[in-house]
Protein chains: 4
Amino acid sequence: MRAARMYGYNQPLVLEEVKTPEIALDEVLVKVEAAGMCRTDVQLLEGYFIDSVPLAFPAIPGHEIAGSVEQIGAGAPPTANLAVGDQVVVVGGWGDGVCRQCRVGDEQICGHGKWPGFGPYGGYSEFVPVPYKYLIRIDRKYNLKAEELAPLTDAGLTPYRGIKKLRQAGVVGPDRVIAVIGVGGLGSYAVQYAKLLSSGATVVAFARSDEKLAVAKEYGADHVINTKGKSIADIRTELVRATGKGEIDAGIDCIGAEESIRMGFNLLATAGAFVSVGLVGTQINIPLFPFVAREFTYHGSFWGNYNDLSEVVALAQAGKIKHALKRIRFEDINENLELLRDGEIVGRAVVTFDAGAVAPSKKEMAA
Amino acid sequence: MRAARMYGYNQPLVLEEVKTPEIALDEVLVKVEAAGMCRTDVQLLEGYFIDSVPLAFPAIPGHEIAGSVEQIGAGAPPTANLAVGDQVVVVGGWGDGVCRQCRVGDEQICGHGKWPGFGPYGGYSEFVPVPYKYLIRIDRKYNLKAEELAPLTDAGLTPYRGIKKLRQAGVVGPDRVIAVIGVGGLGSYAVQYAKLLSSGATVVAFARSDEKLAVAKEYGADHVINTKGKSIADIRTELVRATGKGEIDAGIDCIGAEESIRMGFNLLATAGAFVSVGLVGTQINIPLFPFVAREFTYHGSFWGNYNDLSEVVALAQAGKIKHALKRIRFEDINENLELLRDGEIVGRAVVTFDAGAVAPSKKEMAA
Amino acid sequence: MRAARMYGYNQPLVLEEVKTPEIALDEVLVKVEAAGMCRTDVQLLEGYFIDSVPLAFPAIPGHEIAGSVEQIGAGAPPTANLAVGDQVVVVGGWGDGVCRQCRVGDEQICGHGKWPGFGPYGGYSEFVPVPYKYLIRIDRKYNLKAEELAPLTDAGLTPYRGIKKLRQAGVVGPDRVIAVIGVGGLGSYAVQYAKLLSSGATVVAFARSDEKLAVAKEYGADHVINTKGKSIADIRTELVRATGKGEIDAGIDCIGAEESIRMGFNLLATAGAFVSVGLVGTQINIPLFPFVAREFTYHGSFWGNYNDLSEVVALAQAGKIKHALKRIRFEDINENLELLRDGEIVGRAVVTFDAGAVAPSKKEMAA
Amino acid sequence: MRAARMYGYNQPLVLEEVKTPEIALDEVLVKVEAAGMCRTDVQLLEGYFIDSVPLAFPAIPGHEIAGSVEQIGAGAPPTANLAVGDQVVVVGGWGDGVCRQCRVGDEQICGHGKWPGFGPYGGYSEFVPVPYKYLIRIDRKYNLKAEELAPLTDAGLTPYRGIKKLRQAGVVGPDRVIAVIGVGGLGSYAVQYAKLLSSGATVVAFARSDEKLAVAKEYGADHVINTKGKSIADIRTELVRATGKGEIDAGIDCIGAEESIRMGFNLLATAGAFVSVGLVGTQINIPLFPFVAREFTYHGSFWGNYNDLSEVVALAQAGKIKHALKRIRFEDINENLELLRDGEIVGRAVVTFDAGAVAPSKKEMAA
C-alpha cells in the first residue's frame, strides 16, 4: 500500500509503497478513504511530543480517519455489527480498558492510551488496522463522503464534547449567551454545536479575522465580533450592542492562548461556565477574585469518546453539520503540511486516496 | 372592574362589576389583557380541590395571566425594573419564601403556596394584584400579543420544565428518540420544546387523534403515531418504521392516564428517563422488574418557576413558539368553560378583555 | 474439580467431580474460595428466568464469587495488574462491550450481557474462568476473608449503587432523613451505606421484624421503625417522634413489594428521591398526583458496575463494612438452598470450599 | 447600645454608645451575642473594598453573627417561625431577590447584594436589624454557644459550600483522595467537611506549619503533609507514602496564593476537580496542557447561601463540628484586629458581649 512515513523529526515524510498491515484477531483492516490533516500532525513532526509520545521510526501520521471495512478479524463478535464494505469512522482514543477513565468510556484520557497516527500505522496510508470496538458504522443511505467524515473524528469532535460540558453545567438555554472564541478548524464546528446544543441560546463568535467570522456567521452564529486590537471594554460594548447583555453565560475557547482565555473570563457572567479545548499556548493566567466571588466553573475538555463521536455522526447523518474542506492528494501531503504549519490552510485539509480525478465540489470552492 | 366570580361549586360564574383591588406595598396592579382557560379551572368549579385548596367565596378563577402594569406599590425596588405600561406575564406559583423549595426558587411546589385564580383575585377579571417579584417584563419591541403570552404561564410552561428534567438527565441528544405522549393543551407545546431542547433528538408524538397529530407534525414532531386501539407491539412496529428503533430514550406524558404512562414505560430504553406532567388519572401502575433491571428514571414535574418562565418568554420573544389559540370574549366565559369540560376546545381558549372588535388572525383560524 | 451442577429445573443440584475449565486468552482461572448464596439462585432453580435467561444443562449457579488467581491467560495485559495467587473478587455483569451502556461502564445492564452462575460455570464449583477485566484485586495486607468478600459482589453492591443515585440526586445531607426499607440481605448493607454516603443525614430503617431492626441499629441506623401491622399515619407518628420530621427526603426500597414501595412514596417529602433495588413483587402502584405535584424522582437501580464494586471493596479494605454471614460447606448446598427458599437463613449464606475444618467465628455466631 | 464604629480607613474603630436601630416591617432586631472576627474585617478597614463596596461613615463591621431575637417586625409571617428569645444565626448574603442568582437562592453572589457588617449595622455592636428571611433558628435543646455559632456563618460555611461542589462533581468516594490546602480559619473547618461529606475518601491536609497540621489531624485528616520548602516531587513522594497514590482526586484551596493553587493542580488526577475558596492572592496561574488533556474541573466557590448554612447548623446541632476559638471582649476589638492583621491569632477570634466574666473553656485553651 502507499504510505507517507516519518523517518525522523523535522524532515519530510517519505511517500512509499509498503506492506499492507496484518490484523490481529480483534482488529479490522480499514481501507482509508480520507484522513484529516491536523495541526497536531505538524507538532508531531516538529518533535513537540518527543517526550510524551516517543516514536519508533518509521511511523505513519494521521489520526482523523474515515474509510471502509476491508477485512474483519476472527475475534470480532456479531454484536460489533460490521461487514466488509461498511463505511466507518475511527474513534481515535484507545485506552488500556482497565483504568477508571476507561471504565466510564473516556478512553481518550486514559493514562496508558495509544492513538492511530502516533505509531507504525496511521491515516496517511491506504490501510490501517483498528480494534473492532473503535469503529463506528455509517449507514450508506446517508450518502456521506469520507472527506466530510474524517475531520469529524477530531476537529468536529473536540468542540462537541466541550459544548456538552457547558450544556451539562446548566448554563445554556433560551435566555443565555454562549461564546465561541476562535473560528479555525475546531471553532467552525463549535459554532454549529453551540447552536445545536444550546436550547435556543444566542451564539456569539469571536475571532480576529473577518474571513473566519464570515464562516461563523454562515454556520449559524447569531452575532460575530472581531476582537483584533480591541480592549475588553470595546468588546463588551459590541457584545451589548449585539445581544443586549455585556456578559456571556457560557464560553468555549478553541484557541488556547493566554489572551483568549482571559478574554473569556473577563466577559463571563456570575455563575457562568467556561471550557478550554484549544492548546496553542501553555498557561492559564486569570484573576482569582472574580473566579471565586462570582463562582465561575472551568472545564478542560479533551478530544471525545466513542459515544461523543456516535452523536456527532448522528448529526452528520441528519445533515446538520457543515464543513469547510480542502481536498488534498496523497502526493501533496508534504506540501500541505508546510501550508498547515504556516497557517495558510482555510478550513480542514483532508487527504483523499482517490481524489486525483475528482473536481472539487461547490461547497469546497466556497470554503 | 368586570370580574367573573365564583359563588359556589358547580354553578356558573357571576359576571359582575366589582371594586378594583387595592395593592399592598410590594404589589403591582396588573391590567389583565388575556387570561388562559385551563382544565384546572373546570376542576376548581367542580370542587376537585375542595380539600386541598378551600375557597372563600366569592373567588375569581384564572391563573394564566398576561397584561400590563397599571400601578406599582411603593415597596417595589428599582431592581424590579418595572414601569407603568410595561407588558408583563404573571408567574403563578407564590411560595412562603422561607421553605427549602422556595430557597431554591421552586415556589410552585411550596407547601404553603398560593396562586392567583384560586382566591379573591384571578385572571377572569380586569385587574389583579401581584407581588412585584412574580412579574416578568416583556419587551414591547417583540410585538407579542397578550393572548399568546397568557397560556405560556401554565400550558406553555409545564412541559418546558418537564423536558428540562429530561435534558438534565442526560438522555436527549443527536442519536436519541424523545417521545411526547398526548398532544392537547400541554402536548402541543411539549412537541416544540422536545425539538428545541433536545440537541437534535428525533421527536415522536403519540396521540389518539389524527387532528391532534397534525398539530404535532406542524409544530415540529419528526414522526407521529396514532395509538388508538393499538397494542404495544403494534406501536413498537410503527416506532421502528419511523425511527429505526423500537425504544424511546426519553418520554414526557402530558396526559396522566394509567395507560399512557404504562405505554411510555413499555417503550422506554434501558437507562431511559420519563417525566409525568399530565394529571388526568390518579394512579401510576407499571411493572417493577424492568424499572429496576433496566434502570429507568422517573420524574414528576409540576408547573414551572420564575426562571423557567423567563426562559419560555425568551423563546417566545425569539419567535420560536407557535400557538393554537381560541380567543374568547369575557361575556362567553361560562359557555366556554362548558366546552372545555366536554373536551370541545381545540388549542387553548384565552379570554381577552378587548377582543370584541378584533377579527381572529389567520393563525387562530388554522388552529 | 468439585461442582454443584444443575441438570434441570426444580431438582437438586448434582454435586460431582468435573473437569476443571480451560481458559481463553483473555481469561483468568479463578480458584473459588467463597460463593455467596443469593435468593436469585433459588429463583434460577425454580425456572423464574426460563425465558429471559434460557439455560443449557448442566449449568453451575453462583454469581457472588471471591477467590484467588490460579492461572492467567496469555492475552491479559500488564495493565490488568494480576499475578497468580492474588486475592480477587469477580464483577458479575459482563456486557457485550459495544453498546451504549457498556461504553459508559454499565455492563450489568447491557442488553446482551452474561453472568457467571447463569451458564456452564459459576461460583458453586472450585474454579471459574473469568475475563481478566472483570476481576478486582484485593491487597492481602487488609486480611479480608473470602467469605466476607463474596457477598459484596451483589448483596453488598446493589444497595451501594442505589444509594449513590440518591446522593447524586442531591437529596442527602446533614439536615435530611434517609430511609432504608427492608433489612434483609441487601438492607443490612444499605443501612451502612446510608450512613457512609449521606454526609450526616439521619438514617431510619423500616422492617417488620425486631430481630432485623436490631441488626440495622447495630449497623448504624439512627432510628428503626417496626412497620408490622401499622398504618401510614402510625408510621409517620413514629417517624416524627424519632426524627422530628414526618417525611423522608430520600428512600431506598430493598424489598420490592407493592406495599413497601407505596409506603416509601407516602412518606416522601416534596422534591424527594426514591430508589428501588428490591424485586420481590412485580408491580409499582403509587398515586400520581403527589408524584407530579410534589416533584418526586424515582430511580431503578440494578446490581453495580466495576467502579461501584471497586468503591465497595475500598470500604471493606478500610474496615468500614460489617457482615452477617453463615458459612456453608460445599456438601450442604442443596440443604441450604431449601432454607433460603423458606426464608430460614439469617444474614448471607456463603459456600466456602475449605470451610469443613474451620470453626465459625464469633461474628458469625452473633449473626 | 455599644458599638465599634468605623469613621474612616486605617484608623481604629470608635467604641461608643449609640442608638439601638429600629427595624422595618420585615426585619427582626437581633441581639448580638457573638460576632466572629474575619480577615475580611481587616481588609475592610484597610480600604481593600473601597471601590467595590463604598462605605458611608460611621459603619459597623462584623458579618459573622449569632444571637437571639429581641424584636420581630409586624411583617414577618408565621411561616418565618420566629419568636422573641429564639437563638439565631444570620445568613450574611442579602441579594436583590429578583436576579437569576437570587431566584435559585444564591443571594451571596447577587450583583446587587448587601451584607451586615459592610454598612451602618454589623456584628460589632449589641443589636443588628436583619430581614426575617435571613435568620436560621437554633433549637435551644442543643445547647450551642453563640461563640461557636458565629464563625459558622462564614469561616465554617465557605469551605462547606466548596466541598459540596466537589461532592456534586462526583469525585469523592471510598477509593478517592481529597486534599485540603491550608489549615487556617477556613481550612480547619474544611478538614472536617472533607471527612463528613466525602463518603469515605482519604483526607489529606497540606499546610506549612506543624501546629496547624496538628489541628487538621485532630479534626479528622487521615494524613497531613507539611509543604514548607518542599518541591512538588517531594510532596508527591510524601503523598504516595501516606495514601499509596501520587495524585489527589479532589482538592480545596483555602489559601488563594498562586503557589497553593498551582500545587493543587500539579497533584490533581485525571478528571479530578478542584475548588478555590481562599483569596489571599490575586491570580490563578496554572499550566494549560494538563488542564485540557486531563480534563480537570475547577470551581470558584463563595461564602454560602441559606440552605448551605442550614446544613452546617444541622451538623453543629448534631455535635459534629469542632471549633478552635478565641473569645474576645468588646473592649479588646481594636487590639485583636491588629493581631489578626499580623496573623497572630490561632483559630477564630469571636467577640462576645458578655464574655468579661467567663473563664475560657478547656477547648479554647487547647486551641
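The values are calculated or read from the model by the stated rules, or taken from the named source; none is laboratory data. These numbers come from a predicted model, not from an experiment. Heads up, the Cβs are rebuilt from the backbone with ideal geometry, glycines too, and the neighbour counts pull from every protein chain shown. Heavy atoms of the whole protein, side chains included, go into the accessibility calculation; ligands, DNA and RNA do not. Shrake-Rupley method; radii C 1.70, N 1.55, O 1.52, S 1.80 Å.
What part of the accessible area of segment C:215-256, given as a whole %, is carbon or sulfur when the probe is 1.4 angstrom? Please report the intermediate quantities before stating the final value.
Working: 970 of 1880 Å².
That share works out to 51 percent.
If you fit an axis through the alpha-carbon atoms of helix B:187-197 and take the longest principal axis of the Cα set of chain B, what angle between them do you get, 0 to 90°, nearest 10?
70 degrees
May I have the pair-distance distribution P(r) for the protein assembly as shown, computed from all Cα-Cα distances with 20 Å bins from 0 and rounded to whole percent?
Spelled out bin by bin, the protein assembly as shown gives 9, 34, 39, 17, 1 percent.
Compute accessible area for segment C:73-104 by itself and then with all protein chains, 1.4 Å probe, and report residues whose area falls by 50 Å² or more.
The answer is C:T79, C:V98, C:R100, C:R103 - residues whose exposure falls by at least 50 Å² when every protein chain is included.
Taking the alpha-carbon centroid of each part, what is the distance from segment C:67-121 to segment A:315-340 in angstrom?
41 Å
Using a Förster radius of 51 Å, what is the FRET efficiency between D:A56 and B:H112 based on their Cβ-Cβ separation? Nearest 0.05, please.
Plugging the Cβ-Cβ distance into 1/(1 + (r/R0)^6) gives 0.85.
Straight-line reach from C:K245: which aspartates and glutamates have Cα under 16 Å away, leaving out those fewer than 8 places along the same chain?
C:D175, C:D222, C:D234, D:D139, D:E311
With the crude spin-label approximation of a point 7 Å out along Cα→Cβ, what separation in nm comes out for C:V240 versus D:S68?
2.8 nm
Along each of its three principal axes, how wide is the spread of alpha-carbon positions in segment A:150-215, in whole angstrom units, largest first?
Cα spread of segment A:150-215 along its principal axes, largest to smallest: 29, 26, 14 Å.
What are the aspartates and glutamates whose alpha-carbon lies under 15 Å from the alpha-carbon of B:K230, with same-chain residues fewer than 8 places away excluded?
B:D210, B:E238, B:E259
Considering only the label points, 7 Å along Cα→Cβ from Cα, what distances in nm to one decimal separate C:E259 from the same position in each other copy, shortest first?
Nearest to farthest, the other copies are at 3.2, 6.7, 7.4 nm.
What does the buried accessible surface come to for C and B, summed over both chains, with the probe at 1.4 Å? Round to 100 Å².
3200 Å²
For D:Q43, place a label point 7 Å out from Cα along the Cα→Cβ vector, do the same in each other copy, and report the separations in nm, one decimal, smallest first.
3.6, 5.1, 5.7
On average, how much accessible surface per residue is there in the protein assembly as shown, in Å², for a 1.4 Å probe, leaving out ligands, DNA and RNA?
Roughly 37 Å² per residue, with all protein chains present.
Treat each spin label as a single point 7 Å out from the Cα along the C-beta direction, and report the D:Q283 to C:F289 distance in nm.
6.3 nm
Given C:K195/D:K164; B:K141/B:K165; C:K31/C:K212; C:K31/C:K145, which pairs have Cα atoms separated by over 24 Å?
Those over the limit are B:K141/B:K165; C:K31/C:K212.
How big is the dipole moment of segment A:158-300 about its Cα centre under a simple scheme where the beta carbon of each Lys and Arg is +1, that of each Asp and Glu is -1, and everything else is neutral? Debye, nearest 20, please.
Approximately 180 debye in magnitude.
Would you work out what percent of the accessible area of segment D:122-209, with all protein chains in place, is carbon or sulfur (probe 1.4 Å)?
For segment D:122-209, the apolar C and S fraction of the accessible surface comes to 44 percent.
Mind putting a number on the dipole of segment A:46-156 about its Cα centre? Charges go on the C-beta only, +1 for Lys and Arg and -1 for Asp and Glu, and I need it in Debye to the nearest 20. Please list the in-between numbers first.
Details: 8 positive and 13 negative charges, 84 e Å.
Its charge dipole is roughly 400 debye.
Counting only protein heavy atoms, probe 1.4 Å: which residues of segment A:170-193 lose 50 Å² or more of accessible surface in the full assembly compared with their chain by itself?
So the qualifying set is A:P174, A:D175.
Using 1/(1 + (r/R0)^6) with R0 = 45 angstrom and r between the beta carbons of B:R208 and B:N334, what's the FRET efficiency to the nearest 0.05?
Once the sixth-power term is evaluated, E becomes 0.95.
Which distances, in nm and shortest first, link the A:E218 label point to the same label point in every other copy, taking 7 Å along Cα→Cβ?
Label-point separations across copies, in nm and ascending: 3.6, 7.0, 7.5.
Enter the angle in degrees (range 0 to 90, nearest 10) between the Cα long axis of helix C:232-243 and the first principal axis of the Cα atoms of chain C, meaning the one along which they spread out most.
Around 90 degrees separate the two axes.
Out of the total accessible area of segment A:260-330 (probe 1.4 Å, heavy atoms of protein only), what percent is carbon and sulfur?
Within segment A:260-330, the accessible surface is 54 percent carbon and sulfur.
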